[in-house]
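*Asks:* Take a look at the following structure, please.
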Amino acid sequence: MTARTHQVPLVLASVFLAFLGQMTLTPIIAPLSREVGLAEWQVGVTISVAALMVVTTSQSWGRRSQSWGRKPVLVAAMGLATAAMLLFALVAYLGVRGVLAGTWLFVLFVLLRGVAFGTAIAAVPPTAQAYIADVTPDGAQRVRGMAGIGAVQGVAITAGAVVGGVLSGFGLMVPLVAVPVLLAGGLLLVAWRLRRETRAELVADPPRISPRDGRVWPYLVAGFGMFTALGFVQLVTGFVVQDRFGLDAGATGLVTGAALLASGVGLIAAQVLVVPRSGWRPGTLLRVGGAVGTVGFAALVPDLGIAALVAAMLLVGLGLGIGMPGYTAGPTLLVTREEQGGLAGLIGANNGLTFVVAPTAGTSLYSLWAPLPLVISAAVMAAVTAFVLLHPAFARRPAPVLREPVPDQV
């Protein structure tokens, strides 16, 4: 194993810990907002601001990961994330105690969980995706590598649902304190173990990739649709659980955690079992994943009980888990090595763009009629499935891009 491929587990570990910290907070964000007196739309705005920071900084982070190196980018990102969530836990504690309330509390939520944490988390997936693209020479390996990123994200979703849900049983502040601890662990791991690239491995001036580039825009459209459908559902799940089943804050955290756990299990099963063994090309992954995801999102709409909701989330995770490696790997097979950082940043920005609008729209529409964001998510996923079935870009086999080899450091 070369030194460059030997670093892949460390890069994946940084993705895992960053998303574990993020997902540990997810099961308790809805009951926390009600404990501190924030409205549903204010939580939606906070998440949307974080997504806006992902959109505006992902391309820059992706390109910097090639020009500065992966280690400096990940150390900076994990350090900022740790500091932001430590302060967020303090602010939330003051909100629960009644020391902070109203506008000031909302502003601090937006600045810490939105601006600071959003900027930090924006660096992690593009850095990992660009690195995987750099060390996987052919299509099958590329798809498996991108599935590996998705798999650790799925494990993080699963573990975060468990950690956040279980810890919420001891009080909402317990998972809030756990988040910066997890992020600090990721910071120490990257700073201590990740090797910094040599000058020969860096790209001095990585080019930008236009979202209108004919090689990539069909994949961006498909990915945008998938993440928009997820964005409409993800944040309102806690509200759906609490209102549909009449639960208190602690029970809401547990059931929401179970639903997110199911989606994580589906994601992991797809990216550990289905994707590597199927040998499907990116277009096929998108078509199959879109169809399965559509069924899952549609099954969330009717009130069929807790077990049915958890099963629907399992299908959502399975569908997205099959489709996402096709979305992330497909365009990387069509661009040069020098363009991989810019492409990874563009994919990260595209993912973040969906969460600029979807959480705020989802929570606002939920206030009008509870099933409405669920109906919209199912319709969007169905449209994505139709698009990938009909557009010719997904029927073609991507041709490998010739590139100059980068010397491995033993």
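*Asks:* For helix 249-269, report the angle its Cα long axis makes with the longest principal axis of the Cα atoms of the chain; keep it between 0 and 90° and round to the nearest 10°.
*Replies:* Roughly 20 degrees between the two axes.
*Asks:* Below 8 Å between Cα atoms, with a sequence gap of 6+, how large is the relative contact order for the chain in percent?
*Replies:* Answer for the chain is 29 percent.
*Asks:* Also, I was wondering about something else. Can you pull out the trypsin sites (Lys or Arg not before Pro) in the stretch 128-208 that DSSP calls coil and that have at most 13 other Cβ atoms within 10 Å?
*Replies:* In loop regions of the stretch 128-208 (DSSP not H, G, I, E or B), the sparsely surrounded trypsin sites (Lys or Arg not before Pro) are ARG196.
*Asks:* List the relative contact order of the stretch 25-109 as a percent without decimals, with contacts defined as Cα pairs under 8 Å and 6+ residues apart.
*Replies:* Relative contact order comes out at 37 percent.
*Asks:* Would you calculate a helix-derived [θ] at 222 nm for the chain, using -39,500 (n - 2.57) for each DSSP H run of n ≥ 4 and dividing by the full residue count, to the nearest 500?
*Replies:* About -25500 deg cm²/dmol.
*Asks:* Along Cα→Cβ, 7 Å out, is where each label goes; now give me the distance between the ones at THR56 and VAL357 in nm to one decimal.
*Replies:* Modelled inter-label distance: 1.9 nm.
*Asks:* For a quick protection proxy, order the peptides 75-88, 360-373, 123-136, 147-160 by their average other-Cβ count within 10 Å, most packed first.
*Replies:* Highest-to-lowest ranking by the protection proxy: 123-136, 147-160, 75-88, 360-373.
*Asks:* While we're on this one: Gain in length, TRP104 to VAL177, computed as 0.36 nm per residue apart minus the alpha-carbon separation, to one decimal in nm?
*Replies:* Full extension of this stretch gives 24.2 nm more.
*Asks:* Of the listed values (1) 24, 50, 22, 4, 0; (2) 20, 30, 29, 17, 4, 0; (3) 29, 60, 11, 0, identify the label whose number matches P(r) over Cα pairs in 20 Å bins from 0, in percent calculated from this model.
*Replies:* Looking at P(r) over Cα pairs in 20 Å bins from 0, in percent for this model, the match is (3).
*Asks:* Between the stretch 210-274 and the stretch 100-176, what's the alpha-carbon centroid distance in Å?
*Replies:* After rounding, the separation between the Cα centres reads 13 Å.
*Asks:* What percent do you get for the relative contact order of the stretch 254-410 when only Cα pairs under 8 Å and 6+ apart count?
*Replies:* 32 percent
*Asks:* Per Stokes-Einstein, at 10 °C and 1.306 mPa s, what whole-number D in µm² s⁻¹ belongs to the stretch 1-75, with the Kirkwood radius over Cα pairs as the hydrodynamic radius?
*Replies:* 106 µm²/s
*Asks:* For GLN141 and LEU202, FRET efficiency with R0 = 22 Å and r from the beta-carbon atoms, rounded to 0.05?
*Replies:* About 0.45, to the nearest 0.05.
Each value in this text was obtained by applying a stated rule to the coordinates, not by laboratory testing. None of these values were measured; they are calculated from a predicted model. Cβ coordinates were reconstructed from backbone atoms using ideal geometry, including for glycine residues, and neighbour counts include every protein chain displayed.
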